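I have placed the structure first, in the form of structure tokens, so that the comments after it can refer back to it.
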Amino acid sequence: DVKVTQSSRYLVKRTGEKVFLECVQDMDHENMFWYRQDPGLGLRLIYFSYDVKMKEKGDIPEGYSVSREKKERFSLILESASTNQTSMYLCASSQEWAGGRIFGPGTRLLVL
Amino acid sequence: SQKIEQNSEALNIQEGKTATLTCNYTNYSPAYLQWYRQDPGRGPVFLLLIRENEKEKRKERLKVTFDTTLKQSLFHITASQPADSATYLCALDGGYSSASKIIFGSGTRLSIRP
């Protein structure tokens, strides 16, 4: 069964810590995405990548960076976690630009 | 600015009836529109994609319509079941010209009562 996996379901970090969220897909998809989801705000795109070592900013990239060293892996990095980055983080992949996104189970991050 | 609106209130439907969810958008000309299902604490699951030149698309008990004049999509679940209870998200995709920027609505929570 094809899938997207995320390294943690729940994570608690302290303000100022560097946080790594890992995402792996086994579908050989070109495109990978990181979103955050907050009540009332819906899903918002942080960064996306359409090829290895390529990355593009989404709508809310501030405070985040990404890394895609291998096709199947897309990492989201919070350089210095802040309380306003407490959220549900969702990774997704797709083969085509306009194709449906295949989402991972999400990581619920709490920054204290 | 671009905006997507879904039924703001939760929808409660009797089992067996048809559930209809609405997605309206403004200041946008999507090439594609997608629908997802999301269960609490989980990632969204892709259901259907409909293109701007398609009026209607069906998949089992699901039917989606896309009216680019009204700037609206309707999502129907026929013969609804309690297992259909979830939040349903619509998403607009501008296609290649928009560098794959999909915009998601906030979702409509659907409850099917037995």
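The values are calculated or read from the model by the stated rules, or taken from the named source; none is laboratory data. These figures come from a predicted structure and were not determined experimentally. For neighbour counting, all protein chains shown are included, and Cβ atoms are generated from backbone atoms with ideal geometry for every residue, glycine included. Just so you know, the surface numbers come from the protein's heavy atoms only, side chains and all, with ligands and any DNA or RNA stripped out. Shrake-Rupley method; radii C 1.70, N 1.55, O 1.52, S 1.80 Å.
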Worksheet item: Looking at segment B:11-61, which of its residues are assigned to a loop (DSSP other than H, G, I, E, B), over 25 Å from B:Pro114 (Cα atoms) and open to solvent by less than 70 Å² (accessible area, probe 1.4 Å)?
Response: B:Tyr28, B:Pro30, B:Ala31, B:Gly43, B:Glu54
Worksheet item: Quick check: is even one residue across segment A:7-18 in contact with a Pro (Cβ under 9 Å, 6 or more places away or on another chain) and surrounded by fewer than 16 Cβ atoms within 10 Å (Cβ to Cβ)?
Response: yes
Item to complete: Go through (1) more than 12 Å from chain A (Cβ to nearest Cβ); (2) open to solvent by less than 10 Å² (accessible area, probe 1.4 Å) one by one and return the number of the condition B:Cys90 breaks.
Response: (1)
Worksheet item: Applying the selection to segment A:30-49, what residues are basic (Lys, Arg) and either touching an Asp or Glu at 6+ places or on another chain (Cβ under 6 Å) or surrounded by fewer than 18 Cβ atoms within 10 Å (Cβ to Cβ) (or both)?
Response: A:Arg44
Discussion item. Taking the conditions exactly as written (among the charged types (D, E, K, R), in contact with a strand residue (DSSP E or B) (Cβ under 8 Å, 6 or more places away or on another chain), under 21 Å from B:Lys3 (Cβ atoms) and in a strand (DSSP E or B)), does B:Arg109 satisfy them or not?
Written reply: yes
Worksheet item: For segment B:11-45, how many residues meet the condition of being more than 22 Å from B:Ser111 (Cβ to Cβ) and of a type outside the set (Ser, Thr, Tyr)?
Response: 5
Worksheet, complete the sentence: Scanning segment B:1-10 for residues that are assigned to a loop (DSSP other than H, G, I, E, B) and within 11 Å of chain A (Cβ to nearest Cβ), the one farthest from B:Arg109 (Cα to Cα) turns out to be B:Gln2
Worksheet item: How many of the residues in segment A:56-112 are of a type in the set (A, V, I, L, M, F, W, C), over 17 Å from A:Leu43 (Cα atoms) and open to solvent by 50 Å² or more (accessible area, probe 1.4 Å)?
Response: 3
Worksheet item: So which residues in segment B:62-84 are modelled with pLDDT of 95 or more and in a loop (DSSP other than H, G, I, E, B)?
Response: B:Thr78, B:Ala79, B:Ser80, B:Gln81
Worksheet item: Can you name the number of the only condition in (1) more than 8 Å from chain B (Cβ to nearest Cβ); (2) open to solvent by 40 Å² or more (accessible area, probe 1.4 Å); (3) touching a residue at least 24 places away in the same chain (Cβ under 8 Å) that A:Cys23 fails?
Response: (2)
Worksheet item: So which residues in segment A:81-93 are more than 12 Å from A:Gln37 (Cα to Cα) and at the interface with chain B (Cβ under 8 Å from one of its Cβ atoms)?
Response: A:Ala92
